[in-house]
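Chemist: Okay, handing you the structure first.
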Amino acid sequence: MTGKQIETAKRALPGFWEPKNARQRRQEKELACREMINSCLVYGSARYDFYNPATGEFGRYAEDYVKSLGKKTVIRLYNEQVSDFSEAVVKHGVYTDGEGCSYNACIWKDEQ
């Protein structure tokens with residue numbers, strides 16, 4: 001899913017203060033997991049590691065998602081995001097904040 005697709009799916013869910021059923025809560029968690037995967041892919045360093053398919057190890061950013069969604073689901077989401085991400089372009093250093101931190105951006109195929 002692209003960033004726009006994730007945002008559209010999130011907007012389709014009940015609002016923050018509105019009650020959600022179990023399916024909606026799970027969908028919300030899966031969307032958050034996809035966002036985290038994308039963030040890790042955009043920055044692409046060991047510091048932002050999510051999952052290493054070669055070793056089967058999950059990084060610290062994946063731990064909560066593995067606990068709540070399960071390994072199989074997280075690996076499926078990771079594989080789907082990596083596939084979609086292969087069509088994206090990462091722009092480095094698009095913004096630098098007041099503390100000197102530099103940020104990257106992801107331009108998805110459907111946004112080019």
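Chemist: Would you kindly state how much longer the chain becomes between Arg76 and Lys10 on full extension, computed as 0.36 nm times their sequence separation minus their alpha carbon distance, in nm to one decimal?
Modeler: Extra length available between Arg76 and Lys10 comes to 21.8 nm.
Chemist: Moving on to the next point. I'd like the Karplus ³J(HN,Hα) series for segment 29-38: coefficients 6.51, -1.76, 1.60, θ = phi - 60°, whole numbers in Hz, and an x wherever there's a Gly or Pro.
Modeler: 5, 5, 5, 5, 5, 4, 4, 5, 4, 4
Chemist: Follow-up question, since we're still on this one. Using a/c under 1.5 as the rounded threshold, could you call segment 28-80 rounded, prolate or oblate? The axes a ≥ b ≥ c are square roots of the C-alpha gyration tensor eigenvalues, and prolate needs a/b larger than b/c, oblate otherwise.
Modeler: Since a/c reaches 1.5 but b/c is at least a/b, the shape of segment 28-80 is classed as oblate.
Chemist: When Rg is the radius of gyration of the Cα atoms in the chain and Rh is its Kirkwood radius, what does Rg/Rh come to?
Modeler: So for the chain, dividing Rg by the Kirkwood Rh gives 0.99.
Chemist: With only Lys, Arg, Asp and Glu charged, each at its Cβ (+1 for the first two, -1 for the last two), find how big the charge dipole of the chain is about the Cα centre; round to the nearest 20 debye.
Modeler: The dipole of the chain has a size of about 500 debye.
Chemist: For each of Phe58, Phe50, count neighbouring Cβ atoms within 10 Å of the residue's Cβ, then give the residues from fewest to most.
Modeler: Phe58, Phe50
Chemist: Right, next: Between Thr55 and Thr96, what is the spin-label point distance in nm, taking each point 7 Å from the Cα along the Cα→C-beta axis?
Modeler: Reported label-point gap for Thr55 and Thr96 is 3.3 nm.
Chemist: I've got another one for you. I want to check the label-to-label distance for Asn104 and Ser86. Put each point 7 Å from Cα in the C-beta direction and report it in nm to one decimal.
Modeler: According to this spin-label approximation, the distance is 1.8 nm.
Chemist: In terms of the Cα gyration tensor, with a ≥ b ≥ c the square roots of its eigenvalues, is segment 59-112 rounded because a/c is under 1.5, prolate because a/b exceeds b/c, or oblate?
Modeler: Oblate.
Chemist: Under 16 Å between alpha carbons: how many lysine pairs meet that in segment 12-112, if sequence neighbours fewer than 8 apart on the same chain are excluded?
Modeler: For segment 12-112, the number of qualifying lysine pairs is 5.
Where a number appears in this text, it was derived from the coordinates with a stated rule and is not lab data. In this text, all values refer to a predicted model and were calculated from it rather than measured experimentally. As a convention, Cβ positions derive from the backbone with ideal geometry for all residues, glycine included, and neighbour counts pool all protein chains shown.
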